[in-house]
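Here's the structure we're looking at; comments come further down.
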Amino acid sequence: MRFLFLLLPFLLLLGCEVGKKESYRIAVFISGEGRMGKVKGFQEGLKNLGLEKVAYDLYEGDNTLSRMRELAQELALREEEYDLIAVGGSLEAYMIKEASGKLKTPVVILGGTSILQWGLTKSLSNPSENITGVDNLNAELMEKRVELFTKMFPNIKKVLVFCNPQFEASKNATKITIRAGKKFGIKVVPLNVKDVKELEYIISHMKEDGYRAIIITPCFYTENFLTTYILHYANFHQIPVFCHSPGLVKKGCHVAYGTSGYEQGFQAAHIAYKILNGTPVKHVPFERAYYPRLAVNETALTELGVGYNREFFTYVDEVVK
């Protein structure tokens with residue numbers, strides 16, 4: 001009898017090991033190439049946690065809403081083929097939620113903003129829609145970005161933000177940015193641009209109306225498509241740009257405050273790991289992105305030829321030469 005009691009814990013442990021899957025299949029749904037940094041961080045995060053046998057199916061929307069909706073519909077029909085669905089941001093999560101109706105497969109957001117405004121859960125601490133993930137706070141951090149901007153460029157009093165009122169993240173972030181501008185003494189004007197040609201025209205003429213800088217707000221449209229063009233035209237016309245991801249500083253953005261897509265994806269891997277090991281989504285709260293950083297591209301600033309406060313560098317966490 002005593003032997004059986006000693007044997008029982010071993011049998012229970014063995015049963016758990018037998019029940020644990022050796023391989024997983026994950027769908028990755030992103031709006032476009034601009035969010036591949038999150039995907040890379042997510043994949044490396046899972047690998048770092050010991051999940052080597054993972055098959056990934058990539059659904060990339062080519063930065064086109066119609067294409068994203070098609071992929072969301074396709075994925076909704078196939079969702080039960082996957083152990084988990086990883087999505088690039090709040091927009092992708094919203095689309096798959098709408099297409100599915102009631103999600104059967106867990107969804108992990110690799111880095112999204114305005115989670116509650118999108119209706120992706122009723123509570124960040126108790127996920128209600130089989131969706132959880134990393135809240136990158138990109139909308140909430142807009143006030144801090146405006147404050148940092150005024151410290152760096154104290155003589156600039158009028159700025160533009162490019163946004164798209166069609167999306168909750170963009171609307172929310174824009175409202176916060178305008179409110180922060182009033183608080184810190186600068187005029188913030190939002191603009192919705194339809195294409196690159198219109199964007200180039202606005203940037204080339206913005207100084208005529210006294211607008212001396214651009215602050216990027218979070219939105220798939222700017223993150224995936226417009227940012228590259230914004231930086232190109234802004235550098236040509238000597239206009240400083242404040243971005244929301246340190247990763248963009250390495251691509252030529254002059255200054256940024258936030259967390260990189262890679263870091264958000266890596267953090268999301270730990271959330272996914274819990275779910276893949278059997279924890280129900282409702283018991284896996286949303287997490288805030290860790291440790292936002294202030295990064296500056298010193299070379300881009302120097303080439304810009306625009307005056308800035310050198311003492312600002314005492315606040316900087318990362319300088320890109």
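The values are calculated or read from the model by the stated rules, or taken from the named source; none is laboratory data. Since we're looking at a predicted model, the values are computed, not measured. Cβ placement follows ideal geometry from the backbone for every residue including glycine, while neighbour counts extend to all protein chains displayed.
If the condition is being β-branched (Val, Ile, Thr) and not in a helix (DSSP H, G or I), then the range 95-106 contributes only 105.
Any idea how many residues of the range 62-78 are more than 16 Å from residue 88 (Cα to Cα) and among the hydroxyl-bearing types (Ser, Thr, Tyr)? Of the residues in that region, 1 qualify. May I ask you to verify whether residue 94 is among the hydroxyl-bearing types (Ser, Thr, Tyr) and under 12 Å from residue 27 (Cα atoms)? Taking the combined requirement at face value, the residue does not satisfy it. Looking at the range 107-116 only, could you name the residues that are in a loop (DSSP other than H, G, I, E, B), over 11 Å from the mean Cα position of the chain (by Cα) and crowded, with 24+ Cβ neighbours inside 10 Å? Hit for the range 107-116 is 115, nothing else.
Here the range 119-158 is the region considered, the condition is being aliphatic (A, V, I, L, M) and assigned to a helix (DSSP H, G or I), and the residue that is nearest to residue 107 (Cα to Cα) is 142. Only one of the listed residues (282, 251, 274) is of a type in the set (D, E, K, R), assigned by TED's automatic domain parsing to the domain that holds residue 47 and either part of a loop (DSSP other than H, G, I, E, B) or in contact (Cβ under 8 Å) with a residue 40 or more places away in the chain (or both). That residue is 282. The single condition from (1) in contact (Cβ under 8 Å) with a residue 40 or more places away in the chain; (2) outside any helix (DSSP H, G or I); (3) of a type in the set (A, V, I, L, M) that residue 206 fails is (2). For the range 160-201, a residue qualifies if it is more than 28 Å from residue 116 (Cα to Cα) and buried (at least 18 other Cβ atoms within 10 Å of the Cβ), and the qualifying residues are 186, 199.
Of all the numbered requirements in (1) of a type in the set (Val, Ile, Thr); (2) over 17 Å from the mean Cα position of the chain (by Cα); (3) under 17 Å from residue 144 (Cβ atoms), residue 275 misses one, and that requirement is (3). For the range 48-61, the count of residues that are assigned to a helix (DSSP H, G or I), at pLDDT 95 or above, of a type in the set (A, V, I, L, M) and under 19 Å from residue 106 (Cα atoms) is zero.
Applying a threshold of 7 Å to beta carbon distances and a minimum spacing of six or more residues, or different chains, the list of pairs starting in the range 287-313 at a residue that is surrounded by 19 or more Cβ atoms within 10 Å (Cβ to Cβ) and ending at one that is in a strand (DSSP E or B) and acidic (Asp, Glu) reads 289/135; 295/318. Applying the condition of being touching a strand residue (DSSP E or B) at 6+ places or on another chain (Cβ under 8 Å), in contact (Cβ under 8 Å) with a residue 40 or more places away in the chain and surrounded by 15 or more Cβ atoms within 10 Å (Cβ to Cβ) to the range 48-78 and asking which residue is nearest to residue 272 (Cα to Cα) yields 51. Within the range 299-320, the set of residues being within 16 Å of residue 247 (Cβ to Cβ) and in a loop (DSSP other than H, G, I, E, B) comprises 316, 317.
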